[in-house]
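Engineer: This is the structure, below, for whatever I ask next.
The values are calculated or read from the model by the stated rules, or taken from the named source; none is laboratory data. Small disclaimer: the values here were computed from a predicted structure and weren't measured. Quick reminder, even Gly has a Cβ in these numbers, built from the backbone with ideal geometry, and neighbours come from all protein chains shown. Just the protein is used for accessible areas: all its heavy atoms, side chains included, with ligands, DNA and RNA removed. Shrake-Rupley method; radii C 1.70, N 1.55, O 1.52, S 1.80 Å.
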Amino acid sequence: QIRLEPTEPGALQQARDVLVDACAKDMFLACGRLGNMLALGVSVVEAPAIPLDPDPSAALTYWRKACDGNVADACSALGQKMLADGAEGVALYTAQSFLQKACNSDHADGCATLMEVLGDDARPEATEAGRRACELGRLDMCNRTAELLMTSGSEESFLGGIDILLDTCRQGFLGSCYLLSDQLRARPAALAPDGPYETAARVLLSTTCG
């Protein structure tokens with residue numbers, strides 16, 4: 001760990017030098033922190049943020065090395081930066097591969113961004129990325145994933161989307177409750193005692209009215 005007071009002469013440069021040295025020794029978390037530091041233009045050591053000159057090009061280099069060392073946060077940052085820079089063609093595919101690696105390492109934002117990039121053109125892969133983001137706590141992606149499933153055309157997928165909305169509605173995410181309500185209104189059979197979505201209707205009522 002790096003513990004430097006921002007008032008110490010040369011503290012920021014010393015912190016950067018420590019991270020550079022650690023990264024050179026394949027301490028990949030240090031590479032990731034250094035990438036963040038250079039991309040954001042602030043110190044990210046254990047001290048109040050200190051402004052410094054950003055270096056986006058160097059940040060990409062350090063993120064890439066950190067990602068090679070399986071630092072999920074760096075893989076996600078790398079993919080998102082490439083997308084922000086307008087990646088197309090091979091570069092877009094490369095950005096997606098970084099996001100996929102982040103998602104495979106349970107990085108919620110990496111999964112969420114991957115889903116957005118894939119969209120309807122790769123619906124199964126986008127759905128899987130969205131489902132993982134949802135499971136990792138990105139509740140906003142639960143609705144997006146449910147919508148992809150419920151508009152896929154099969155009853156099985158529709159029920160899969162309902163299950164996602166049920167789970168997040170139970171957790172108190174009202175956005176899922178509202179979407180669930182809309183879907184149930186379009187399916188009157190849900191209100192029947194033996195209807196296929198009876199459970200969904202009961203959960204919705206108990207969550208929003210109970």
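Engineer: With the condition kept exactly as written, say whether any residue in segment 70-86 is open to solvent by 50 Å² or more (accessible area, probe 1.4 Å) and not in a helix (DSSP H, G or I).
Structural biologist: Looking through segment 70-86, at least one residue is open to solvent by 50 Å² or more (accessible area, probe 1.4 Å) and not in a helix (DSSP H, G or I).
Engineer: What single numbered condition from (1) touching a Ser or Thr at 6+ places or on another chain (Cβ under 6 Å); (2) not in a helix (DSSP H, G or I) fails to hold for Ser152?
Structural biologist: That leaves (1) as the condition not met.
Engineer: Oh, and also: How many residues, within segment 69-117, are of a type in the set (D, E, K, R) and closer than 23 Å to Arg131 by Cβ?
Structural biologist: Count: 5.
Engineer: Which numbered condition trips up Val18, out of (1) more than 25 Å from the chain's Cα centre (by Cα); (2) modelled with pLDDT of 80 or more; (3) open to solvent by 70 Å² or more (accessible area, probe 1.4 Å)?
Structural biologist: Checking Val18 against (1) more than 25 Å from the chain's Cα centre (by Cα); (2) modelled with pLDDT of 80 or more; (3) open to solvent by 70 Å² or more (accessible area, probe 1.4 Å), the one that fails is (3).
Engineer: Hey, another quick one. Can you pull out every residue in segment 87-122 that is of a type outside the set (A, V, I, L, M, F, W, C), buried (at least 17 other Cβ atoms within 10 Å of the Cβ) and more than 24 Å from Ser152 (Cβ to Cβ)?
Structural biologist: Those that are of a type outside the set (A, V, I, L, M, F, W, C), buried (at least 17 other Cβ atoms within 10 Å of the Cβ) and more than 24 Å from Ser152 (Cβ to Cβ): Lys101, His107, Asp109.
Engineer: Here is a further query. For Leu139, are the conditions met, namely being modelled with pLDDT of 85 or more, surrounded by fewer than 18 Cβ atoms within 10 Å (Cβ to Cβ) and closer than 19 Å to Met115 by Cβ?
Structural biologist: Criteria met by Leu139.
Engineer: While we're on this one: Identify, by number, the condition in (1) open to solvent by less than 50 Å² (accessible area, probe 1.4 Å); (2) over 18 Å from the mean Cα position of the chain (by Cα); (3) in contact (Cβ under 8 Å) with a residue 24 or more places away in the chain that Arg170 doesn't meet.
Structural biologist: Arg170 satisfies every listed condition except (1).
Engineer: Looking at segment 87-111 only, could you name the residues that are part of a helix (DSSP H, G or I), free of Cβ contacts under 8 Å to residues at least 24 places away in the same chain and of a type in the set (Gly, Ala, Ser)?
Structural biologist: If the condition is that a residue be part of a helix (DSSP H, G or I), free of Cβ contacts under 8 Å to residues at least 24 places away in the same chain and of a type in the set (Gly, Ala, Ser), then Ala91, Ala95, Ser97 are the ones that fit.
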